[in-house]
Amino acid sequence: MSGELSPIDKAKFVAAKRAAAFVEDGMRVGLGTGSTAAWLVRCLGEMVRDDGLRIRGVPTSTRTAVLAREVGIEVISLDEARWLDITIDGADEFDGDLNLIKGGGGAHLQEKIVATASDQMIVITDASKEVETLGAFPLPIEVIPFGWQTTRALVEETLVSMDVLGRDISLRMNGDAPFITDEGNHILDLNLKRIGNPRQLAMVINQMPGVVENGLFIDICDTVVIGHGDGKVEV
Ligand code: 5RP
């Protein structure tokens, strides 16, 4: 499956492969979204096919659901599963406290619901996502389409009142049209540069009307598995 990979794909693959070893027979598994999580889904599919692993997967996006079915993983909804043994997902940034920015792929709403309903969340990543302070990667906020410009103005005013330095907020686009999430919402990307107090920011943002969920994952991730281009893995 891994063939001749670029160093970045090799790093993602080896992280996914190592994390797949945490998955045991009979588990209900949250399946993340993104290019790294896609490697995980393929690894699990191989284990289902070749080793007889029996798992039920709860995907965090339509595209992960399609891939999971393609590779032979039994897919169930979160409400069918109710609670999960493990969720494995990628991230856009992680810090030393294992706090994350997610949502680069626009799936952080379902990803956060699924990870929160799991005994443990494992993040799989390459080393480039590790940061001292979160915020270089734009923070995604999922907002409902109704009045999104008013919501954006409210987010901006709040950032000013909190003395947050970067206040560049853009509506995520898909070509000429706004990007639409699996839940039918829009995404605002906040280019903050540096998030001094991610816990406080996450709480404040989620209190605003029109905001559905922000991409900060605070105290949700338990373990980070870091893959490297030379095939080494750190847990
Ligand atoms: C999707 C996510 C992804 O996990 C995150 O964007 C990382 O993606 P990739 O593995 O492709 O770098 O949060 O909403």
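The numbers here are math on the coordinates, done by the rules we state, and not lab data. Everything numeric here is computed off the predicted structure, so don't read it as measured data. FYI the Cβ positions are ideal-geometry reconstructions off the backbone, even for glycines, and counts take in every protein chain you see.
Can you tell me the dipole magnitude for the chain around its Cα centre, using point charges on the Cβ only (Lys, Arg +1; Asp, Glu -1), in Debye to the nearest 20? Can you show the working numbers first?
Numbers: 22 positive and 36 negative charges, 42 e Å.
So the dipole magnitude of the chain works out to roughly 200 debye.
Simple spin-label model, 7 Å along Cα-to-Cβ: residue 54 to residue 163 in nm?
It works out to 5.9 nm between the two label points.
Using the Karplus curve 6.51 cos²θ - 1.76 cosθ + 1.60 with θ = phi - 60°, work out ³J(HN,Hα) for each residue of region 139-146 in order, rounded to whole Hz, and write x for Gly and Pro.
7, x, 10, 7, 10, 6, x, 4
About the Cα centre of region 7-117, what is the dipole size in debye to 20, counting +1 per Lys and Arg Cβ and -1 per Asp and Glu Cβ, all else neutral?
Details: 14 positive and 17 negative charges, 45 e Å.
Once rounded to the nearest 20, the dipole reads 220 debye.
What distance in nm lies between label points placed 7 Å from Cα along the C-beta direction at residue 22 and residue 66?
Those two pseudo-labels are separated by 2.7 nm.
Among 133, 76, 66, which residue has its Cα positioned farthest towards the positive end of the charge dipole of the chain, with +1 placed on the Cβ of Lys and Arg, -1 on the Cβ of Asp and Glu, and the dipole taken about the Cα centre?
Result: 66, furthest along the dipole toward the positive end.
Cα centroids of region 41-108 and region 167-230: how far apart, whole angstrom?
Between the Cα centre of region 41-108 and that of region 167-230, the gap is 19 Å.
For the chain, build the convex hull from the C-alpha positions and give me its volume per residue in Å³. Let's see the in-between values first.
Working: hull volume 29.0 nm³, N = 235.
Given the Cα convex hull of the chain, per-residue volume reads 124 Å³.
Which whole-Hz ³J(HN,Hα) couplings does region 147-161 yield from phi under the Karplus relation 6.51 cos²θ - 1.76 cosθ + 1.60, θ = phi - 60°, glycine and proline marked x?
x, 4, 6, 5, 5, 4, 5, 5, 4, 5, 4, 5, 5, 4, 5
If the limit is 19 Å between Cα atoms, which of 10/112; 12/112; 10/232; 17/112; 10/193; 193/232 go over it?
10/112; 12/112; 17/112; 10/193; 193/232
Each residue of region 209-215 in order: what ³J(HN,Hα) in whole Hz does its phi give by Karplus 6.51 cos²θ - 1.76 cosθ + 1.60, θ = phi - 60°, with x for Gly and Pro?
Karplus values, whole Hz, x for Gly and Pro: x, x, 8, 9, 6, 9, x.
Hand me the trypsin sites (Lys or Arg not before Pro) from region 148-178 located in a DSSP loop with no more than 16 other Cβ atoms within 10 Å, in residue order please.
Numbers: sites: 152, 167, 172; in loops: 167, 172.
Hits after loop and neighbour filter: 167.
Can you compute the modelled spin-label distance between residue 180 and residue 83, with each label point 7 Å from Cα toward Cβ, in nm?
Simple spin-label model gives 3.7 nm for this pair.
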